[in-house]
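**Q** Starting off with a structure, shown below.
Rule-based calculations on the coordinates, nothing more; no lab input. Keep in mind that this is a model prediction, so the values were computed, not measured. Every residue, glycine among them, receives a Cβ derived from its backbone with ideal geometry; neighbour counts consider all protein chains shown.
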Amino acid sequence: MPPQDEIERLRAELDEWRRRAQVAEAIAIERLARAEAAERALRAAEAALAPLPDDLGSMTSGPTAGGDAEVPAERRPATLRERWRRYTETIN
């Protein structure tokens with residue numbers, strides 16, 4: 001039978017590996033949450049970049065009900081950063 005100090009050393013090693021496994025699991029859960037948030041952000045960015053359907057596009061630049069003056073269509077931002085900023089302003 002192995003000496004008692006050898007058994008204690010093995011128990012301590014087992015406890016250390018359990019602790020490491022718990023830390024790794026917590027990190028994995030956090031990374032999954034970050035990945036899911038990044039996926040949602042990517043879908044939102046793609047939706048913001050998607051062109052408007054024809055019927056909605058004509059509503060923004062068509063004549064107003066009060067006369068024959070046209071409502072100017074909102075200028076589409078040139079950069080992705082500007083598009084993302086405008087999108088995030090609409091959801092905040």
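**Q** At a Förster distance of 35 Å, what's the computed FRET efficiency of Arg86 paired with Ala26, Cβ-Cβ distance as r, to 0.05?
**A** My answer for the efficiency is 0.45.
**Q** May I pose another question? Calculate one ³J(HN,Hα) per residue across the range 25-34 by plugging θ = phi - 60° into the Karplus curve 6.51 cos²θ - 1.76 cosθ + 1.60, and present them in order as whole Hz with x for glycine and proline.
**A** Here the 3J(HN,Hα) series is 5, 5, 5, 4, 5, 5, 5, 5, 4, 5 Hz.
**Q** Place +1 on the Cβ of every Lys and Arg and -1 on the Cβ of every Asp and Glu in the range 1-50, take the dipole about the Cα centre, and give the residue among Ala38, Leu49, Met1 whose Cα lies farthest towards its positive end.
**A** Leu49
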